[in-house]
Each structure stands twice: as C-alpha cells, then as structure tokens.
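Comments concern the structure below.
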Amino acid sequence: MKIIFCCLIAWGIWPVSQAQELRMVADNWAPMTGKNLQNGGFSIDLTRQLLTELGHTVTLTFMDWDQIASTMGTGNFDVIPAVWYTPKRDKRMHFSQAYDHNKLVFISRKADAFQYSGPSSLSNRTLGLVKSYAYPKAVLQAKGVSILFATDAKQNLQKLAGGALHLTLGDYLVMKFEATRHVHPAHKLFYDTDHPLKDIPLHIAVSRQFKGYKKLISGINNGLKTFKLDGRYQQLQSQHGLD
C-alpha cells in the first residue's frame, strides 16, 4: 500500500483523489433552487453534477437571499448555483458563462391587467419587489411608483392577490411556479410576457476568496458546454419541468 501511495504522488495522480469539498449556498427560488424540490432544483442539480465531474464533493446550505448577498466573497461559502451578474457582485464573485436566462415580467391581477410601456407606466402604482435582488435601475428609479420590499416572491404574490399591491416583478417561470403553490386562485393573475422588462443571464458564481477560483470557473464553463452538446443539460431541464 505504501508503494502504491508513493507511486501515485510520483505520477501526479494523487491530487485528484484529494478533491476539495466545496460549500454551495442557495436560497429558495423555485424551480431553480429550493429545499423541497427534486435534487434541490434545476440549478443546484446542474451545479452539483458539474462540480462532481470536476472531482469535487459538495455540501449545500440554504439561506435567505439577503444573507447570501451580504456575505458574498467573505469566504463563508464557495459557490452560488443561480445568480444574476452585477458589477458589484463581480468584485466578490467570479461568474461562469450564462447557462440560462430569466425573463423578467410584471405580474398584476387580471381584473387590472398591466402592460409595461416604460418607467412612466409605473406611476401611481404600488410595486412589490424582493429586497437584495438585482432589479434594473429604470424600475428602482421610476417616478411616481411606490415600492414595497418583501423577503421573497411568495409574499409579493400573496399581497398582489390580496389587493395590497398593484404589481410585482420577477422571473416568469419562478413567479408562475410560486403562484400555483401559494396563490388561490392562481389563474386570476396576469403575466405581461408580451412586454418582458429584461432577459437576465443566469450564472454560477465562485467566491474570489476560493483559491483557484479562475480554474474552477474554467472547468464549469467547459462542463456546461459538454452538457449542452451531449444532451444532459436538456435532460435535466426536462426532469425539472423546464422544457
């Protein structure tokens, strides 16, 4: 056994068997991430498979997004499986190539169906947003709109259905998923998919405090390319109901 051990070191193979344990962190953002979802949701499932193929083991912790945002790049965790890019975040996290896009749409009640036609169309309306999410400045700085912040999309959808908000804003797939589970009747909500505010690229990010973060992101990018070419990416989408 000692001879084999020495040979492994001499051949340069041993470091592969000493793969690092990576700490992945996510919030409940179904169907991309979530405690009660199959394999943690699409983004967690994808990221875990990519990291495993690179030889790493992964531990997963769920936190509220505002806690994740406030501790990005501090060394408390290594990987976020689903995150939007901002220049501020880029200073603390190194981003992969985009692996998906989030279509950002406004949601209203069908009885007062809202169609977005620019920041001025938000005037005299109450808009529910999630604190710590990266929303476009055109919305945050729109004149005449009253913005109320909640801890998650579910709260905003319930407030909208109850009449406490005129509008909320979020990724179409995420909001539709949450509404079918937490809003009754969900079919009374209107999604302005004809006028999406933005298509936001979705990334995996690695803390710049992690030694070798550039190499890890390079491996993730290569893995994403392979997964999409050989069909595994599409199979994962289908398994998580995103096809």
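Tabulated data for the structure shown
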item	result
Tail weight of P(r) past 22 Å, computed on alpha-carbon pairs of region 17-160, percent	48 percent
With DNA, RNA and ligands ignored, accessible area of R208 (1.4 Å probe; Å², nearest 10)	70 Å²
C-alpha center-to-center spacing [region 36-66, region 117-176] in angstrom	28 Å
Sites Q38 and H101, calculated FRET efficiency, Cβ-Cβ separation with R0 30 Å, nearest 0.05	0.85
Backbone HN-Hα couplings from phi across region 165-170 [Karplus 6.51/-1.76/1.60, Hz, Gly and Pro as x]	10, 7, 9, 9, 9, x
L148/R92 FRET efficiency (R0 30 Å; Cβ-Cβ; nearest 0.05)	0.60
R0 of 30 Å, Cβ-Cβ distance Q235-D199: FRET efficiency to nearest 0.05	0.80
Per-bin percent of Cα-Cα distances, the chain [10 Å]	7, 29, 31, 20, 8, 3, 2, 0
Zone of K225's modelled label, taken as backbone nitrogen in region 18-54 under 19 Å from a point 7 Å along Cα→Cβ	47, 50-54
Rounded to whole Hz, the Karplus (6.51, -1.76, 1.60) HN-Hα couplings of region 24-37, x for glycine and proline	9, 10, 8, 9, 8, 9, 5, x, 7, 9, x, 4, 9, 8
Karplus 3J(HN,Hα) series, Hz, for region 103-119 with 6.51 cos²θ - 1.76 cosθ + 1.60 (x for Gly, Pro)	8, 7, 10, 8, 10, 9, 7, 4, 5, 9, 4, 10, 10, 6, 9, x, x
The chain, accessible area per residue, ligands and nucleic acids excluded (1.4 Å, Å²)	52 Å²
Difference of contour (0.36 nm per residue) and Cα-Cα distance, A134 to R208	24.7 nm
Inter-site label distance for A113 and M63 at 7 Å from Cα along Cβ, in nm	4.2 nm
In Å², nearest 10: area of W84 left accessible to a 1.4 Å probe	20 Å²
The chain - mean residue ellipticity at 222 nm from DSSP helices (-39,500 (n - 2.57) per run, n ≥ 4, rounded to 500)	-10000 deg cm²/dmol
Contour minus Cα-Cα distance for S218 and N76 (0.36 nm per residue)	48.9 nm
Extreme residue, positive dipole direction of the chain, given options V105, L216, A69 (C-beta unit charges)	A69
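The values are calculated or read from the model by the stated rules, or taken from the named source; none is laboratory data. Just so we're clear, the structure is a prediction, and the values are computed from it rather than from any experiment. Neighbour counts run over all protein chains shown; Cβ positions are idealised from the backbone, glycine included. SASA here: full protein model, heavy atoms, side chains in, ligands and nucleic acids out. Shrake-Rupley method; radii C 1.70, N 1.55, O 1.52, S 1.80 Å.
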